[in-house]
Amino acid sequence: MTELVINKDTSRTENQDFIIGRHVYGNLYGVRRELLEDEDFLRKLVVEAARAGDMHIVDMKTWKFQGYHGGVSVIALVLESHVSIHTWPDYGYATVDVYTCGPRGDPWRAFNYIVEHLKPRIYKVHYADRSSLLESGTED
C-alpha cells in the first residue's frame, strides 16, 4: 500500500520547528551462522554502526537466547532514537532497524554499515518517513 500526502501549504519557512523522523529497516538473508550467534561481535557492530551514522549511544542491551531457534538481540538506545539487530542463526536470518529523530544522524549509513559487515546473500530494505507534517504547537 502506497500513501500519498500532498501539502498545499507553501507558507512554511526554513526555521519553523517540526519533527524529522527517518526509519530504515530490513531483512537480511543468507548470513553466516557464526556471525549471527556471536553476541560480542553483534554488540560491537551496533556500536560502530551508530558511530558511522553519527548517532550517540545512551544505553545498550544484548540478549543471547539458547535452545530451539535461539539467537541474539542487540538494542542500542541512541540520543537520536534506536538501532537494533535480531538474529535467527538456524535460518541465516537477521532483522535490522535504525530510526533517527531530528536532523542529526544518518540511518542509511548505519544500516548500510551493518549490511556490509554481516554480508548477507540478499537483503530487503524499507524506508519510512516518520516526520511531522505540522509545526509543534500548531492548533487549528
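Residues that are under 18 Å from VAL74 (Cα atoms) and within 14 Å of the chain's Cα centre (by Cα) were ranked within region 114-126; the one that is surrounded by the most Cβ atoms within 10 Å (Cβ to Cβ) is ILE114. If the condition is being within 17 Å of LEU45 (Cβ to Cβ) and hydrophobic (A, V, I, L, M, F, W, C), then region 83-103 contributes VAL83, ILE85, TRP88, ALA94, VAL96, VAL98.
So, PHE41, is that one in contact with a Leu (Cβ under 9 Å, 6 or more places away or on another chain) and at pLDDT below 95 or not? Against the criterion (in contact with a Leu (Cβ under 9 Å, 6 or more places away or on another chain) and at pLDDT below 95), PHE41 does not qualify.
Can you name every residue in region 28-46 that is out of contact with any helix residue (DSSP H, G or I) (no Cβ under 8 Å at 6 or more places or on another chain) and surrounded by 15 or more Cβ atoms within 10 Å (Cβ to Cβ)? Matches in region 28-46: ASP38, GLU39, ARG43. Checking each residue in region 1-33 for being part of a loop (DSSP other than H, G, I, E, B) and at pLDDT 95 or above picks out GLY30, VAL31, ARG32.
So that you can scan it fast, the table gives a plain yes or no per residue for (1) within 17 Å of the chain's Cα centre (by Cα); (2) of a type in the set (Asp, Glu); (3) in a helix (DSSP H, G or I):
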residue	(1), (2), (3)
LEU35	no, no, yes
LEU45	yes, no, yes
THR62	yes, no, no
ILE75	yes, no, no
HIS86	yes, no, no
GLY105	yes, no, no
TRP108	yes, no, yes
ASN112	yes, no, yes
ALA128	yes, no, no
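When restricted to residues that are closer than 12 Å to ARG22 by Cα, in contact with a strand residue (DSSP E or B) (Cβ under 6 Å, 6 or more places away or on another chain) and in contact (Cβ under 8 Å) with a residue 60 or more places away in the chain, region 82-109 contains 7.
The values are calculated or read from the model by the stated rules, or taken from the named source; none is laboratory data. In this text, all values refer to a predicted model and were calculated from it rather than measured experimentally. Quick reminder, even Gly has a Cβ in these numbers, built from the backbone with ideal geometry, and neighbours come from all protein chains shown.
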